[in-house]
Amino acid sequence: DGGITQSPKYLFRKEGQNVTLSCEQNLNHDAMYWYRQDPGQGLRLIYYSQIVNDFQKGDIAEGYSVSREKKESFPLTVTSAQKNPTAFYLCASSTTSSSALYEQYFGPGTRLTVT
Amino acid sequence: ELKVEQNPLFLSMQEGKNYTIYCNYSTTSDRLYWYRQDPGKSLESLFVLLSNGAVKQEGRLMASLDTKARLSTLHITAAVHDLSATYFCAVRPRNFGNEKLTFGTGTRLTIIP
């Protein structure tokens with residue numbers, strides 16, 4: 001089955017620790033995205049990547065880092081510099097073909113709790 | 001900066017009633033998307049609207065797009081409890097090479113039996 005997987009589903013960490021969230025897709029999509037969602041809020045873009053080995057900051061990139069070494073994978077590291085990391089993190093992917101709908105498909109999400 | 005506003009933010013309605021959610025955006029766009037999110041879950045794509053006057057329907061949901069007014073609507077007909085969810089619109093700016101979407105704040109819809 002084609003889709004996007006995120007792991008783990010739930011993650012608990014102590015303050016001051018870095019943590020890496022996994023996102024893998026087998027849809028052969030070029031573009032991948034990371035969003036953060038706080039309770040009762042919309043989605044805010046953290047980072048996005050349109051091609052392997054290249055990525056751009058989104059609206060709230062401070063305290064986060066990403067890599068895109070493979071087309072299928074776009075891991076997100078939440079560093080200790082992120083002041084309020086507790087949130088629901090969603091990964092998405094889309095095609096970049098000029099004839100495409102650019103529709104983003106979302107993974108199931110990772111709920112991160114930092115205490 | 002692109003801004004996407006939805007209203008209402010919260011909507012509680014009785015089963016069987018009709019209602020409309022509005023999505024306004026601040027810049028020209030060539031793609032508008034509607035998503036559904038159930039509590040604690042991810043986002044599910046509902047509609048992609050590509051051009052002025054576009055209308056898409058799926059079951060009791062119908063989405064439309066007016067690019068001149070920079071407005072999209074999501075109309076719910078004869079609501080049923082299963083439609084209770086948060087609905088987001090998202091806009092892709094008409095900026096070649098820019099694949100970013102900007103999401104609205106969402107409308108939390110509760111259908112009361």
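Taken together, the values in this text are just the output of simple stated rules run on the coordinates, not laboratory data. Just so it is clear, the structure is predicted and the values come from calculations on it, not from any experiment. Cβ sites come from the backbone with ideal geometry, for glycine too, and all protein chains shown count toward neighbours.
General observations
- Separation in nanometres of the label points that stand 7 Å from Cα toward Cβ, at residue B:24 and residue A:73: 4.6 nm
- Extension gain, residue B:57 to residue B:17: 0.36 nm times the residue separation minus the Cα-Cα distance gives 12.7 nm.
- Straight-line reach from residue B:68: taking Cα to Cα under 25 Å and skipping same-chain neighbours fewer than 8 places apart, the lysines in range are B:3, B:56, B:100.
- Most fluctuating residue given options A:75, A:85, A:39, as computed from a GNM of chain A linking Cα atoms under 10 Å: A:39
- Residues A:32, B:62, sorted so that the one with the fewest Cβ neighbours within 10 Å comes first: B:62, A:32
- Computed on region B:16-108, with alpha-carbon pairs under 8 angstrom and 6+ residues apart, the relative contact order is 34 percent.
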